[in-house]
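See structure below.
Values quoted throughout were computed directly from the atomic coordinates according to the rules given, and no laboratory measurement underlies them. These figures come from a predicted structure and were not determined experimentally. Counting neighbours? That spans all protein chains shown, and the Cβs are built from the backbone with ideal geometry, glycine included.
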Amino acid sequence: MSESEAGKAVGTAADKVAGVKATADKNVDRAADKVAEKAAEAKAAAEAKLPLDVKISATRAELEETLDAIGDKLNVPKQLGRLGAKASDAYHVNPTPFIVGAAAGVISVVGAIALRIRRND
């Protein structure tokens with residue numbers, strides 16, 4: 001067999017392997033979709049068999065969790081406390097940005113006062 005024939009044979013074999021792989025991938029995807037569908041059907045069937053009072057209790061619990069989460073988000077003092085704790089932790093890790101920020105604030109205030117005094121003269 002010549003080199004060109006060997007090259008063609010290798011190319012043909014590679015194409016066949018790629019085709020088989022693509023087919024296998026599609027089959028795996030289809031199987032995964034079927035498993036997901038069956039799981040969803042099983043879950044729906046199990047939920048359908050639950051008594052109404054159990055469904056109501058589960059819904060109330062979910063609603064309570066949601067309302068608690070909303071309450072936490074809207075609770076300004078609680079959010080400020082969390083923000084303060086984060087800032088405190090960040091300061092203890094690296095105080096340099098806080099010191100630089102405070103110095104910049106002091107310089108700004110002193111500069112504004114000095115400018116105001118100069119304008120009034």
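State which residue pairs qualify: first residue among the acidic types (Asp, Glu) and inside the range 35-62, second residue outside any helix (DSSP H, G or I) and surrounded by fewer than 10 Cβ atoms within 10 Å (Cβ to Cβ) in any location, beta carbons under 8 Å apart, and separation of 6 or more residues or different chains.
Close Cβ pairs (under 8 Å, with a partner that is outside any helix (DSSP H, G or I) and surrounded by fewer than 10 Cβ atoms within 10 Å (Cβ to Cβ)) do not exist here.
If I ask for residues that are among the small types (Gly, Ala, Ser) and more than 30 Å from residue 69 (Cα to Cα), which ones from the range 79-121 would you list? I'd like the intermediate steps shown before the answer.
Kept after step one, since they are among the small types (Gly, Ala, Ser), are these residues of the range 79-121: 81, 84-85, 87-88, 90, 101-105, 108, 111-112, 114.
Across the range 79-121, the qualifying residues are 101, 102, 103, 104, 105, 108, 111, 112, 114.
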